[in-house]
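Peer 1: Below you will find the structure I want to go over with you.
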Amino acid sequence: MRKDDISLDNCLKCADCNTACPMVTAHPAYPGPKRLGPELERMRREGIECDTDWLEYCLGCHRCDLACPSEVNVSELIARAKALHKKTPVRKMRDWWFARPGLLGKLMTIAPGISNFALGLHPVRGAMSAAMKITPERRFPSYKSSSIRTPADGTAKQGERVVFFPGCYIQYNDPELGCHALQLLQLNGFNPEVASTGCCGVPSLANGDAVEARKRAEANVNSMVEAVDAGAKIVTACSSCGHMLKTGFANLLEGDAELEKKAERIAANTFDLGELLVAQQDAGKLNTRFEPAATKLKLAYHAPCHQKSQGMGRPWYNLLRQVPGVEIVDLNSGCCGMSGTFGFKEEKYPVSMKVGSELFESIRNNAPQAVVTECATCQMQIEHGTGVKAMHPVDVLLNAYKESARN
Amino acid sequence: MEKTQVVIIGGGATGAGILWDLALRGISAILLEQGDLANGATGRCHGLLHSGGRYVVKDAEAAKECVAENRIIRHIAPHCVEDTGGLFVECRQDDPKFFEQWFEACKKIDLPTERLSADAALALEPNLPTDILGAFTCPDAHIDVFLLTQSNIESAVARGAQFKTYCAVKGIDIENGRVKGVRYLDTLTGEEGYIGCEIVINAAGGWAQRVAELAGVEVPVRCDKGTLLVLNHRLSKRVINRCRKPGDADILVPSGPVCILGTSSITVPGPEGLTVSEEEIQHLMELGTELMPALAEARVLRIFCGVRPLYVPPSVSGAGGREISRGFALLDHEATVKGFVSIVGGKLTTYRMMAKAVCNLIAEKLGVNVPCTTHEVLLRPGNDAASLRAAHALLPLPVVEKTHRRQGSNLAKIVSAIQARPELAEVVCECELVTRAELEFALGTETSLPAKTISDVGRRTRLGFGPCQGTFCGFKAMLAGYQTGRWNAAEASRQFECYLDQRWKGQSWIHQGKQVEQLYLSHDLFGVAYNFHDQEGR
Amino acid sequence: MKNVASNHFDVIVAGAGTAGITGAAVAASRGLRVALVSTGPGSFVLGAGCVEVEGIDRNTPSLEDAIGFFRGFTELAGCGFRGGLDEKRLVPTILGSFQTVSLAPFYMWNGDPSAASQVAVVGIRGLSTFDSNYAAERLAYHASKLDRGAKYTAYEIELSVEEGTFPGTLQFGNRYDRDVHFREELRDALKPIAAKANAILLPGILGLKSGQIEIEWMENQLGCLICEMATLPPSIPGMRLFNRLEARLRKAGVEVFTGFPIQQVQIENGHFKGVLLEAPARPLHLSSETLILATGPFSGRLLGASSFGVNRDLHPLDSTGAVIADNLYAAGAVLHNSTARGGNAMAILTGYASGMLAAGVGVQYAQG
């Protein structure tokens, strides 16, 4: 049984969390993290019924946690309430699928051509909207069924062993990005292999399915702990996966001492790819054989909320600043509003765009050639909201290497 | 000049219970209370509706009374009672012979109890120490002391009774050895008043001795101080007692969103000027963590103390606070002053019984042949479904539930107010979910329990009772008082400064944990940032 | 290639209150690579950051330089402070009282009765945290007690609110930042009042990110002085000040780490090495040549004591009076445990001094 979180006692009611909450800022009707978290938690423990549809509007961005001067686990308190929240039947059914992108991905990649074609059809999107309230305003990312391999697969492996955790997006929508990530790792002295795991579980938690999230946590922990115990690091290129591996597993597996310890070992050895490369640089081992720049590349960096919440500084931004020819600015303009599956929900779509509007304006003012961000759904939202191309920092860095350095 | 049959001095549970009982018997009465309702021991206790388990070994009589009254109060005032149930926990450090004694004693007086294994007890209450030996269940419950007192008063007022708060009795008028009237001073307005009456009931608790002196009569009262700690959130669902001889810090009572740990027993010279020492607090915390280890990390919101007014019959004047019976004494001072009666001692759980004894005596004196019916008549009519439905349409779930619990049938008036002015649905006390409508109701004229200070508002609505201790909502309450014309600007400022003083006092004794920071924040805000507190001239 | 991604810095400043921000700004201005580590906005969420000098000796060395630096920094950040050490300026509050300060941000400067004789105290209909009638009456009372003549007239405007919400300063502040229609609505509501007064006092709602341009726009549109009052927490003007100053620090190249409490201050043989921040999965280790500890009144435990003294070089001392670390400085409210007056001035002074000392510039900060 999970322990009660008593950090609600730390709340001094300063409401800094409310000023940092992107939902409160964009949508004042939202009660805010102070209310949904520590305030209602006191009531919940009194046995007062506190369920509200507003719990569905928490983006899980963790900005409240970062803003809190008193160490209240605000987003955790809200997440636990979310897990007990009762939804309408339509939302329940839809969110069941959204909580399982791994399953969805597997199904969609059986015949990706057909899936992608169907998802592009008006009538299909119309039906999805009518039956499941999935907004027709957005394009679904296309599904691809190729595997993630390094070009040098099959040859002798050298370097520090790392296990690459792809996440559902890379696995089912952009395996090529996964290949690029592996390449980047190889170029920097690592010997990467791809973890055979499923979804990290973030979408399950976000959709209030704590049971599924726990299942995901257990499966992932069991499949990766051996490698970790043998000294390998786990590397992620998706901020949300990274956040989950670093924080979520141990939390969900509380109550099972052995699993919890395994989860803690996994967390202690999980690195964001950018974070890992910065550590390489600190150790003098970063591959800096960059191609001299032909033209200037004007970029803007958007730090995903789940990147900020990992407390590792701004590794990708600081790396890309050093790439010749790259002119990059840190937008620091708030949450994009997508929050994974959130922005796909029809009733949430307008607010999702409202939350991101500040970022969109900032991008328009900056007028970069592309926005760099390591979160796939941030990329989707940015492209959808501004029309500006969004790319993963892996690709920017990889492209910068000399042709010779790539072999 | 006012005139009535009976003047009751003391607005605690006993006094309020007497007012109600008299009203039911058609006897006119006015109650005078020097502070706000439940200012004395009533408002400063655990809020425990005793099952009797605490007294069952040493004082079977008192325990039997509790068993009976517990049932009655649940019947007449269900809205004041939260049926949390209770546990008497067998702690490893305590005497196992006592556990047996306790269980047997309960059986003898028909106190329903059942023994649970340690595992079963921990399954119900995970925060108990993991090394307990077991626990006994019992029908302990939480009783909202303010609501109980207020309900008695409200119901009495509905039948024509009257009461005055912030009116201190200055003299008892006696002519030819008979009570003629009572002189009082309104401490807020400075006005003096006089009420002519036939009977004066001294129900002044810790002040009973002083009131008796006004009548030239001696009523020895031992003031026994108990200190209690309020914890920010519920650490248990049930009342948790330690199964041992009654001692310090051995009861934890869930009370609304908070829980209350207590208490101590220290003889003090009088009911005022109470202070709490650091040693006392440490002592309570040490003992408390033996019963509930989670206390070590829990946030103490407030520390308060009250005085048990113990009647000291001449035979036991040397005994300690817990040894004097918790039974009560009804003193008819006929021999010295006709028409002057004192009721002393007792405990909250038996307030109704005490009131009954007094009123039976008074009825006899006045020749009123109406028996007591307070064991039957409900203290608050139920709420109507229509109001509840309407409330749900206007307010979020938890706000409806909290408001309903606090205000009962007054919810209808609150709902109408919001329907007329939708802005009143705004929550102004965010810790306790109090709406502007409820706040204005408490400050307004439609309530039969007018609030004269911001702290009074707190006692009627729980505004300011949460973690911020009024820092954020006290100001809004003050503004509401100003806007509704209750206070002019200067009065409102004074009210707020007073309020801050009172709120700050209860936190000033806390020396560690988050509340220290909360208090600092409050001082910083109203001291430095708004430069308010020092500037208000008195 | 300079490693801008390194977690080694010249200075780590712990705490983003007035002292920490000043220290970081000073260090950055001297060309140092600075990391600012914080949890929360310090006291900015409570008040408005005005600077009282009462409680500090006017002739304290470096005080003037410190205040001068601070003013310049706020100017660059778009929230310029006005005033000086010898000023005694009255800043009105929502409680109808006056705070006597020496420096205040420009948007609070013109609340002094000497700035305007006809003051319109403007409330917003339905705002439960402010009443203009109450405030106007109390301000008039206090002003006359202080022998200042100014006429206070109460007004009330009505502003639109988002569906399903109540008027609130946070909502208005956010909309002021994001929505030109709201700014125009506010202007239009204030215009008729501005015609009758030479200063408008209103609760602080002019944005959480706004700077000089955005706020003076309103003044220009109205042709009338504006003075905002700090709101109940979260204080909108306070958060605005914090946001602008922090943004300015980022622009100056300060690396900001927000939301990760300090787990440990690593000191070895009387020398500070680095800090461990509590971060997911593993502590984040930051190292530097110097640490400025400006973590507020409840953080003495970071150095193993509930409070500690400092020597003339702002080095914290242990219970025996020995310097804890030769490259460790303390600034701001961590130096005392009470709400002493002059808090912000002390914070600026010690922040400035520790920033300079960290940069190797000898400064005196205390008398004698």
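Peer 1: Filter the range B:415-431 down to the residues that are in a helix (DSSP H, G or I) and farther than 24 Å from A:Ala15 by Cβ, then identify the one that is farthest from the other protein chains (Cβ to nearest Cβ).
Peer 2: B:Ser416
Peer 1: Give just the number: which of (1) modelled with pLDDT under 95; (2) farther than 20 Å from A:Ile48 by Cα does B:Asp456 not satisfy?
Peer 2: For B:Asp456, the exception is condition (1).
Peer 1: Hey, another quick one. Filtering the range C:233-244 down to residues that are outside any helix (DSSP H, G or I) and open to solvent by 10 Å² or more (accessible area, probe 1.4 Å), which residue is modelled with the highest pLDDT?
Peer 2: Out of the qualifying residues, it is C:Pro234.
Peer 1: Kindly indicate the residue of the range A:235-281 that is charged (D, E, K, R) and over 23 Å from A:Leu319 (Cβ atoms) and also farthest from the other protein chains (Cβ to nearest Cβ) among those meeting that condition.
Peer 2: Filtering first and then ranking leaves A:Glu258.
Peer 1: Taking only pairs six or more apart or across chains, which ones have beta-carbon atoms under 6 Å, a first residue in the range C:223-247 that is touching a residue at least 24 places away in the same chain (Cβ under 8 Å), and a second residue that is among the basic types (Lys, Arg) and open to solvent by 10 Å² or more (accessible area, probe 1.4 Å)?
Peer 2: Pairs found: C:Asn243/C:Lys209.
Peer 1: Then there is this: Being more than 7 Å from every other protein chain (Cβ to nearest Cβ) and over 25 Å from the mean Cα position of the chain (by Cα) is the filter here, so list the residues in the range B:501-519 that pass it.
Peer 2: Listed by number, the residues that qualify are B:His511, B:Gln512, B:Gly513, B:Val516.
Peer 1: Applying the selection to the range A:299-348, what residues are under 15 Å from the mean Cα position of the chain (by Cα), small (Gly, Ala, Ser) and outside any loop (DSSP other than H, G, I, E, B)?
Peer 2: Matches in the range A:299-348: A:Gly343 only.
Peer 1: Continuing with the same structure: Kindly state which helices (runs of 4 or more DSSP H) lie completely within the range A:1-84 and contain at least 2 residues that are within 14 Å of chain C (Cβ to nearest Cβ).
Peer 2: A:16-20, A:22-26, A:63-67, A:74-83
Peer 1: Which residue out of B:Ala156, B:Ala123, B:Ala168 is more than 21 Å from B:Thr453 (Cβ to Cβ) and touching a residue at least 12 places away in the same chain (Cβ under 8 Å)?
Peer 2: B:Ala156
Peer 1: Hey, another quick one. Determine the pairs where a residue that is in contact (Cβ under 8 Å) with a residue 12 or more places away in the chain and over 25 Å from A:Gln186 (Cβ atoms), located within the range A:283-308, has a partner that is open to solvent by 50 Å² or more (accessible area, probe 1.4 Å) and among the β-branched types (Val, Ile, Thr) with Cβ atoms under 8 Å apart, the partner being 6 or more residues away or on another chain.
Peer 2: A:Ala300/A:Val329
Peer 1: Give me the pairs: first residue in the range C:156-178 and facing chain A (nearest Cβ under 7 Å), second residue part of a loop (DSSP other than H, G, I, E, B) and among the acidic types (Asp, Glu), beta-carbon distance under 7 Å, and six or more apart or on different chains, which are they?
Peer 2: Pairs that qualify, where the first residue is facing chain A (nearest Cβ under 7 Å) and the partner is part of a loop (DSSP other than H, G, I, E, B) and among the acidic types (Asp, Glu), are C:Gln171/C:Glu162.
Peer 1: Test each condition in (1) polar (S, T, N, Q); (2) more than 22 Å from C:Ala189 (Cβ to Cβ); (3) away from chain B (no Cβ under 12 Å); (4) assigned to a strand (DSSP E or B) for C:Gln99 and report the one that comes out false.
Peer 2: (3)
Peer 1: On to the next question. When you scan the range B:478-500, do you find a residue that is under 26 Å from the mean Cα position of the chain (by Cα), in a loop (DSSP other than H, G, I, E, B) and surrounded by fewer than 22 Cβ atoms within 10 Å (Cβ to Cβ), even just one?
Peer 2: Checked against the condition, which is being under 26 Å from the mean Cα position of the chain (by Cα), in a loop (DSSP other than H, G, I, E, B) and surrounded by fewer than 22 Cβ atoms within 10 Å (Cβ to Cβ), the range B:478-500 yields at least one hit.
Peer 1: All but one of (1) touching a Gly at 6+ places or on another chain (Cβ under 8 Å); (2) open to solvent by 20 Å² or more (accessible area, probe 1.4 Å); (3) more than 21 Å from A:Asn220 (Cβ to Cβ) hold for A:Arg161, so report the exception by its number.
Peer 2: Unmet for A:Arg161, out of (1) touching a Gly at 6+ places or on another chain (Cβ under 8 Å); (2) open to solvent by 20 Å² or more (accessible area, probe 1.4 Å); (3) more than 21 Å from A:Asn220 (Cβ to Cβ): (3).
Peer 1: Among the residues of the range C:345-356, write down those that are open to solvent by 10 Å² or more (accessible area, probe 1.4 Å) and at pLDDT 95 or above.
Peer 2: C:Tyr352, C:Met356
Peer 1: So, one more: If you scan the range B:189-237, which residues turn out to be in a loop (DSSP other than H, G, I, E, B) and within 14 Å of chain A (Cβ to nearest Cβ)?
Peer 2: B:Asn232, B:His233, B:Arg234, B:Leu235, B:Ser236, B:Lys237
Peer 1: Criterion first (of a type in the set (Ser, Thr, Tyr) and assigned to a loop (DSSP other than H, G, I, E, B)) does B:Thr374 satisfy it?
Peer 2: Yes.
Peer 1: Could I ask something else about it? Looking at the range A:323-344, which of the residues that are of a type in the set (Gly, Ala, Ser) and touching a Leu at 6+ places or on another chain (Cβ under 6 Å) is farthest from A:Ala20 (Cα to Cα)?
Peer 2: Looking at the filtered set, the residue picked out is A:Gly325.
Every residue, every condition in (1) in a loop (DSSP other than H, G, I, E, B); (2) more than 14 Å from every other protein chain (Cβ to nearest Cβ), yes or no:
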{"position": "C:Gln266", "(1), (2)": "no, yes"}
{"position": "C:Phe272", "(1), (2)": "no, yes"}
{"position": "C:Leu276", "(1), (2)": "no, no"}
{"position": "C:Leu286", "(1), (2)": "no, no"}
{"position": "C:Thr290", "(1), (2)": "no, yes"}
{"position": "C:Gly296", "(1), (2)": "yes, no"}
{"position": "C:Ser307", "(1), (2)": "yes, no"}
{"position": "C:Ser319", "(1), (2)": "yes, yes"}
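Peer 1: Please identify the pairs in which a residue from the range C:348-360 that is more than 14 Å from C:Phe73 (Cβ to Cβ) has its Cβ atom under 7 Å from the Cβ atom of a residue that is open to solvent by 10 Å² or more (accessible area, probe 1.4 Å) and in a helix (DSSP H, G or I), counting only partners at least 6 apart or on another chain.
Peer 2: Correct list of pairs: C:Thr350/C:Leu335.
Peer 1: Using the structure shown, decide if C:Ser128 is touching a helix residue (DSSP H, G or I) at 6+ places or on another chain (Cβ under 8 Å), small (Gly, Ala, Ser) and within 10 Å of another protein chain (Cβ to nearest Cβ).
Peer 2: yes
Peer 1: Away from chain C (no Cβ under 14 Å), in a helix (DSSP H, G or I) and crowded, with 23+ Cβ neighbours inside 10 Å: does that describe B:Ala442?
Peer 2: yes
Peer 1: State whether the residues of the range A:242-265 include one that is touching a strand residue (DSSP E or B) at 6+ places or on another chain (Cβ under 7 Å) and of a type in the set (S, T, N, Q).
Peer 2: No; the residues of the range A:242-265 include none that is touching a strand residue (DSSP E or B) at 6+ places or on another chain (Cβ under 7 Å) and of a type in the set (S, T, N, Q).
The values are calculated or read from the model by the stated rules, or taken from the named source; none is laboratory data. This structure is a prediction, so every number in the text was calculated from the model and none was measured. Cβ coordinates were reconstructed from backbone atoms using ideal geometry, including for glycine residues, and neighbour counts include every protein chain displayed. These area figures cover heavy atoms from the full protein model, side chains too; ligands, DNA and RNA do not enter into them. Shrake-Rupley method; radii C 1.70, N 1.55, O 1.52, S 1.80 Å.
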